[in-house]
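Structure first, then comments.
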């Protein structure tokens, strides 16, 4: 695990270095937008199609959903209790709930789990993301953001339109092909594998581009501390307890729980900007939890 995190950190450091150097005059924001767009619309759907087409999809997929949804809802409830006790401002409350509840299951979870457990863990990550974290983010997460923020759109976008996205379409096609027993041609498998190979390094590099220590401010420390404790301690502990009641065994259990131990997800900043939540607080939570994860992930890996 330590060797894996060193490799991940160095790739993220390349992204952080780009933020300061700005090669060819390209800012971190411009570069990250291009890279994440390529990953989201081409490389990630290719990986989803490759993995789920040949994955063992069945009852255990529903178990990943229960584990992911249960753990995320638990974290949301914990932060809501803390916010109610200390009467946090709505803008901060919404950002804190999103930061504490939704882990970076794909952008950091995918490279960490693949390097730690092997290529088979990609199936765990993708199922945890597409069957649990992302559907909950685009439903309960959007509801939280709307409740604590401001929806300035003239006509609010339907929640179901969020699922009209390339990774979900790729997942739907892959599941249908899988359940019908169709085998992918060798040439197509080769193309998908080559496209999939670019996902991990570009994700890590993009994560490095997104991290900024300028977002770390003293005034936000009292708000980031409960997020950090819930995200990096209570949520993983709850996931370990919950998985004990599910028939997920062996390394699959360890991989699923470790995926939920990841730091705050990057996509939440989009919801904070869209619904006018405290974006600076959320950015600090992402930066701090990502830094803490370099210590927390080896700990939870050893426990698992």
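The values are calculated or read from the model by the stated rules, or taken from the named source; none is laboratory data. Since we're looking at a predicted model, the values are computed, not measured. All Cβ positions, glycine included, derive from the backbone under ideal geometry; neighbour counts span all protein chains shown.
Points worth noting:
- Residue under evaluation residue 256, criteria (1) more than 21 Å from residue 290 (Cβ to Cβ); (2) buried (at least 19 other Cβ atoms within 10 Å of the Cβ), criterion not met: (1)
- Pairs are defined by a Cβ separation below 9 Å, a sequence spacing of at least 6 or placement on different chains, a first member in the range 241-260 that is in contact (Cβ under 8 Å) with a residue 60 or more places away in the chain, and a second member that is loosely packed, with under 13 Cβ neighbours inside 10 Å; the pairs so defined are 247/59; 251/118.
- Evaluation of residue 36 against (1) out of contact with any helix residue (DSSP H, G or I) (no Cβ under 9 Å at 6 or more places or on another chain); (2) surrounded by 15 or more Cβ atoms within 10 Å (Cβ to Cβ) (one fails), failing number: (1)
- Among the residues of the range 261-281, the ones that are over 13 Å from residue 228 (Cβ atoms) and either free of Cβ contacts under 8 Å to residues at least 60 places away in the same chain or part of a helix (DSSP H, G or I) (or both) come to 9 in all.
- Of 100, 75, 24, 132, all but one fail to be assigned to a helix (DSSP H, G or I) and on the phi > 0 side of the Ramachandran plot; the exception is 24.
- Counted residues, the range 166-179 - those being loosely packed, with under 14 Cβ neighbours inside 10 Å and modelled with pLDDT under 90: 1
- Here the condition is being touching a helix residue (DSSP H, G or I) at 6+ places or on another chain (Cβ under 8 Å), crowded, with 19+ Cβ neighbours inside 10 Å, under 25 Å from residue 203 (Cα atoms) and without any contact (Cβ under 8 Å) to a residue 40 or more places away in the chain; of 138, 131, it holds for 138 alone.
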